[in-house]
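Remarks on the structure that follows.
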């Protein structure tokens, strides 16, 4: 029997020696989820809220749904925060609705405070803090008050800058002592191109060579004004608080890595998306390649504006979802012609990004089998290259990963979503090992929510059972059983990561690989654990049976945790 025990010990040692390293996140690293006000709150006519451009836009088109009720978080935030707390999350990214906390005064032609709306966000932030989560607060997540668009054009007018500064100042007055991390804007690329250039987002403008660039120009000036204000005031309310701007891009890989033209196109695509906003806040001006390709479509900063912009960040904030393979639209390998690209930003950039990298997973499909996100391809190997590109702009700046998620459908048991989060969080861990200054990861999104025109696709860790009334043009009062939150497998897995602060050993390798055919699931479990657990149990049981384990007195047994007994 001693020989058998020795043999088992050798097997155990061998298995342990080859067992995968546990991948854990450092203390203080944020693990959280995100939402945005218009996408989840509902209550569009409550707490003194007035209309935003998204209320107007969704009502102006028959093919769009509205978010009058959305996820009803205005009334359910306490139970939602409790879910996050039970998951073990350490951060919650949310946005403030400008049109809920301020209303238009015709007399002064300014926005003025709305106490009922402000009181709601005090209650919300207090609940987040009681749950021991750090609130990461976005000032602008696309829902511009209608009064600031009608007659003046919103972000098309330089007059928007002082309005945004006054709004931010009020928010710092009210919430500055509660918020450690602020964001001025979420994805300015998305709302400037989608809303002012291509017409698929509010306010729905299109067919312009210059409107997207002009809107972005004023967004950058507003960002700089607010960051300068924040830096001058934070000692009054939260000296260690930080501020930044959330930027987004896919990762464009060159179609032919050996082609100088494709490599240059890849870099140009990054400069036209991330660099458009990152270069001004780091260096004070637009990227040279944008100036060359956009020409006089692109506005010009004065010397004073360049100085005012440079350095207006404390932390880089990055949203990543997808990757593409790119070539120049003039290339013989292009699937599009340059003339077929949409007028303005898209045509100026001149990039064919219609292809996905080999091995990428397409997003989920709808009930008719059509892709829900034509722009999306799940590709974890694009996450770190994009993050490194941002990091290179200032290697001493911390990076907060502010959105990342799977384009899903109404399926609750969505294994593709689980794969997506497992593989992408594995890449985040790899980034930490190579020394990237990552301070947190944010899954998009906490719940299925309003996705800017409809309730498809669904990105939520939690499925929400919407009703046929959910997207209507008018509000309704949902019953308690409506809009129930049901966890998907990814929610359960992410909760385990948050609670243990570790990735399950070899989980990502297992999911990256092809499914094991013809092997019982119980045996796969043994294989995946490297035989370590069953071998350890067998070995310890054998030693105990033959009296080789030290005996523990009854007194000591009462005082110690059984699994920690050593004498």
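The values are calculated or read from the model by the stated rules, or taken from the named source; none is laboratory data. Computed from a predicted model, the values in this text were never measured in an experiment. Virtual Cβ from ideal backbone geometry, glycine too; neighbours counted across all protein chains shown.
Can you say whether residue 236 is assigned by TED's automatic domain parsing to the domain that holds residue 177, closer than 24 Å to residue 395 by Cβ and surrounded by fewer than 21 Cβ atoms within 10 Å (Cβ to Cβ), as far as the supplied structure shows? Explain how you work it out, then say what you get.
On the way: assigned by TED's automatic domain parsing to the domain that holds residue 177: yes; closer than 24 Å to residue 395 by Cβ: no; surrounded by fewer than 21 Cβ atoms within 10 Å (Cβ to Cβ): yes.
Answer is no for this residue.
Among the residues of the stretch 486-514, how many are modelled with pLDDT of 95 or more, touching a helix residue (DSSP H, G or I) at 6+ places or on another chain (Cβ under 7 Å) and assigned to a helix (DSSP H, G or I)? Reasoning before the result, please.
Kept after step one, since they are modelled with pLDDT of 95 or more, are these residues of the stretch 486-514: 486-503.
Okay, now just the ones that are also touching a helix residue (DSSP H, G or I) at 6+ places or on another chain (Cβ under 7 Å), so 488-490, 493-495, 497-498, 503.
So of that shortlist, the ones also assigned to a helix (DSSP H, G or I) come out as 489-490, 493-495, 497-498.
Counting residues in the stretch 486-514 that are modelled with pLDDT of 95 or more, touching a helix residue (DSSP H, G or I) at 6+ places or on another chain (Cβ under 7 Å) and assigned to a helix (DSSP H, G or I) gives 7.
So how many residues does the stretch 358-383 have that are touching a strand residue (DSSP E or B) at 6+ places or on another chain (Cβ under 6 Å), surrounded by fewer than 17 Cβ atoms within 10 Å (Cβ to Cβ) and assigned to a loop (DSSP other than H, G, I, E, B)?
Summing the residues that are touching a strand residue (DSSP E or B) at 6+ places or on another chain (Cβ under 6 Å), surrounded by fewer than 17 Cβ atoms within 10 Å (Cβ to Cβ) and assigned to a loop (DSSP other than H, G, I, E, B) in the stretch 358-383 gives 0.
Identify, from the list 64, 74, 89, the residue that is modelled with pLDDT of 95 or more and closer than 30 Å to residue 438 by Cβ.
Numbers: 64 fails: closer than 30 Å to residue 438 by Cβ; 74 fails: closer than 30 Å to residue 438 by Cβ.
Just a single option satisfies the conditions, and that option is 89.
Keeping to the stretch 461-485, report how many residues are assigned to a loop (DSSP other than H, G, I, E, B) and closer than 30 Å to residue 28 by Cβ.
Here the count works out to 1.
Quick one: would you say residue 426 is touching a strand residue (DSSP E or B) at 6+ places or on another chain (Cβ under 7 Å) and within 29 Å of residue 67 (Cβ to Cβ)?
Numbers: touching a strand residue (DSSP E or B) at 6+ places or on another chain (Cβ under 7 Å): yes; within 29 Å of residue 67 (Cβ to Cβ): no.
Considered against the rule, which asks whether it is touching a strand residue (DSSP E or B) at 6+ places or on another chain (Cβ under 7 Å) and within 29 Å of residue 67 (Cβ to Cβ), residue 426 comes out as no.
From 419, 406, grab the single residue that is touching a helix residue (DSSP H, G or I) at 6+ places or on another chain (Cβ under 8 Å) and not in a helix (DSSP H, G or I). Don't jump to the end; show me each part of the working.
On the way: 419 fails: not in a helix (DSSP H, G or I).
After ruling out the rest, the residue left standing is 406.
May I ask you to say which residue of 89, 94, 74 is under 24 Å from residue 111 (Cα atoms), in contact (Cβ under 8 Å) with a residue 40 or more places away in the chain and in contact with a strand residue (DSSP E or B) (Cβ under 8 Å, 6 or more places away or on another chain)?
Just a single option satisfies the conditions, and that option is 94.
Per-residue answers, yes or no, for (1) in contact (Cβ under 8 Å) with a residue 60 or more places away in the chain; (2) surrounded by fewer than 21 Cβ atoms within 10 Å (Cβ to Cβ); (3) closer than 27 Å to residue 385 by Cα:
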site: 232; (1), (2), (3): no, yes, no
site: 243; (1), (2), (3): yes, no, yes
site: 247; (1), (2), (3): yes, no, yes
site: 268; (1), (2), (3): yes, no, yes
site: 287; (1), (2), (3): no, no, yes
site: 292; (1), (2), (3): no, yes, yes
site: 299; (1), (2), (3): yes, yes, no
site: 302; (1), (2), (3): no, yes, no
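Inside the stretch 255-275, can you point out the residues that are in contact with a helix residue (DSSP H, G or I) (Cβ under 7 Å, 6 or more places away or on another chain) and within 19 Å of residue 341 (Cα to Cα)?
Across the stretch 255-275, the qualifying residues are 255, 268, 269, 270, 271, 272, 273.
Taking residue 210, is it surrounded by fewer than 23 Cβ atoms within 10 Å (Cβ to Cβ), farther than 17 Å from residue 285 by Cα and in contact (Cβ under 8 Å) with a residue 40 or more places away in the chain? Show your work before the answer.
Details: surrounded by fewer than 23 Cβ atoms within 10 Å (Cβ to Cβ): yes; farther than 17 Å from residue 285 by Cα: yes; in contact (Cβ under 8 Å) with a residue 40 or more places away in the chain: yes.
Yes, satisfied.
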